[in-house]
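Take a look at the structure below.
The values are calculated or read from the model by the stated rules, or taken from the named source; none is laboratory data. Predicted, not measured: the structure shown is a model, and the values here were computed from it. Cβ coordinates were reconstructed from backbone atoms using ideal geometry, including for glycine residues, and neighbour counts include every protein chain displayed.
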Amino acid sequence: MTLPKSVLITGCNRGLGLGLVKEFLKEGSLPNKIVATCRDKSKAEELMALESSNTGRLKVLELEVAKYENDYKDFVQEVDKEIGTSGLNLLINNAGISGIRQILEKLTGDNMMDVFRVNCVGPTLLTRALLPQLKQAVCQNPKADMGVDKAAVVQMSSVLASIAKNQNAGAFAYRCSKTALNMSMKNTTIELKDEGILLMALHPGWVSTDMGGPNAPLTVDESVSNMFKTICQLKEKDNGKFLSHDGTLLSW
C-alpha cells in the first residue's frame, strides 16, 4: 500500500470527510501534510481539535465549494502555502449535499442547481484550479506508476449515479448530479491522459451519516477503512474507473 506525501480533502466537518482525515492521521509520518476543508471552522469543533493536536501536519481551511466565481484563487494560494513546492499528491473531492424535494413532482430548478453546484460543478472546477499543484507532484516523481504517490484525484460519487443500477428512482437531483460528476471525471481523465494524473470516481457505500441516515448498513469507520485501502492501492488500471469502497468495479 502506497501513501501520499500530501492530501487535500473537502467537506471534513463531519461524516466521511472527518473520518478520512482521522484515517490518514493514523499513518505515522505520511502524509506529512493534510489539508482539510470545511465551510465554517466555528462549526467544526472536532476537526479543529484534530488540527490543534496535529500542528504542522493537519491544516484546516475554510472553503465553500459552490463559490467558484474566482476559480478559488484565494483558497489555492492558501493551499500553496501549506504544501510548498512539492505539489499535491492526492485530492479527494468529498464535499456534497443530498438536496430536498427528491421526486420529480416536487423538484424545483433552484434545488436542482444548488445540488449540481456542490456535487458536480464545484469538484470539477476545484480539480481544474489545483491542476498546477497536481502536475507539480508528478514532476517530483515522474518515473513512478500512476497512483497516490504521484498524483491522483478521487471524486466522491455514489452507486445512485449508476444508470444501470437505477431501479427505484428517487433522490432525483442527487442522482443526476453524481452521474454528471462521473462524466466530468471521465472527460477529465481523457483530457489529462498524458499528464500522469490518475482520476477515478468512488462510491463510499451506504453509510450511516447525516446524509445516509440511521438505517445504512455501513458505519463511517467501516467505509473509511475500505476507501483508504482502495485509494492507496490505486494503479493505472483504475484510471477513469468507477469503483466501490472495497475496490469493486461499478457499472455506469
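General remarks:
- In summary, Met146 fulfils each of the numbered conditions (1) among the aliphatic types (A, V, I, L, M); (2) closer than 16 Å to Ser98 by Cβ; (3) surrounded by fewer than 23 Cβ atoms within 10 Å (Cβ to Cβ) with the single exception of condition (2).
- For the stretch 159-180, the count of residues that are in contact (Cβ under 8 Å) with a residue 40 or more places away in the chain and either under 27 Å from Lys5 (Cα atoms) or of a type in the set (Asp, Glu) (or both) is zero.
- Selection within the stretch 11-37 - surrounded by fewer than 21 Cβ atoms within 10 Å (Cβ to Cβ), in contact with a strand residue (DSSP E or B) (Cβ under 8 Å, 6 or more places away or on another chain) and of a type outside the set (S, T, N, Q): Leu25
- Residues satisfying the stated conditions in the stretch 62-82, i.e. more than 18 Å from the chain's Cα centre (by Cα), over 16 Å from Cys12 (Cβ atoms) and either modelled with pLDDT of 95 or more or not charged (D, E, K, R) (or both): Asn70, Lys73, Asp74, Gln77, Asp80, Lys81
- Matching residues in the stretch 208-231 - criterion: being touching a residue at least 40 places away in the same chain (Cβ under 8 Å) and within 24 Å of Ala152 (Cα to Cα): Val220, Asp221, Ser223, Val224, Ser225, Met227, Phe228, Lys229, Ile231
- Looking only at the stretch 77-93, and only at residues there that are buried (at least 18 other Cβ atoms within 10 Å of the Cβ) and out of contact with any Leu (no Cβ under 6 Å at 6 or more places or on another chain), the one that is farthest from Gln140 (Cα to Cα): Asn93
- Residue in the stretch 196-219 that is in contact with an Asp or Glu (Cβ under 6 Å, 6 or more places away or on another chain) and part of a helix (DSSP H, G or I) present: no
- Which numbered condition Asn226 fails, given (1) polar (S, T, N, Q); (2) in a loop (DSSP other than H, G, I, E, B); (3) touching a His at 6+ places or on another chain (Cβ under 6 Å): (2)
- Residue among Gln140, Gln155, Gln167 that is surrounded by fewer than 18 Cβ atoms within 10 Å (Cβ to Cβ) and either under 28 Å from Asp74 (Cβ atoms) or β-branched (Val, Ile, Thr) (or both): Gln140
- Counting only strands (runs of 3 or more DSSP E) wholly contained in the stretch 7-96, no element carries 3 or more residues that are more than 26 Å from Lys150 (Cα to Cα).
Residue-wise test of (1) under 24 Å from Asn13 (Cα atoms); (2) at pLDDT 95 or above; (3) of a type in the set (Val, Ile, Thr).
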| site | (1), (2), (3) |
| --- | --- |
| Leu192 | no, yes, no |
| Gly205 | yes, no, no |
| Thr219 | yes, no, yes |
| Leu234 | no, yes, no |
| Lys241 | no, yes, no |
| Ser244 | yes, yes, no |
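- Of all residues in the stretch 232-252, exactly one satisfies the criterion of being over 14 Å from Ala161 (Cα atoms), of a type in the set (Gly, Ala, Ser) and touching a residue at least 40 places away in the same chain (Cβ under 8 Å), namely Gly240.
- Test set (1) under 24 Å from Ala216 (Cβ atoms); (2) free of Cβ contacts under 8 Å to residues at least 60 places away in the same chain; (3) not β-branched (Val, Ile, Thr) - Met113 fails condition number: (1)
- Residue within the stretch 16-23 that is of a type outside the set (D, E, K, R) and at pLDDT below 95 present: no
- Test: Ile190 is out of contact with any Lys or Arg (no Cβ under 8 Å at 6 or more places or on another chain), under 28 Å from Thr2 (Cβ atoms) and surrounded by fewer than 23 Cβ atoms within 10 Å (Cβ to Cβ): yes
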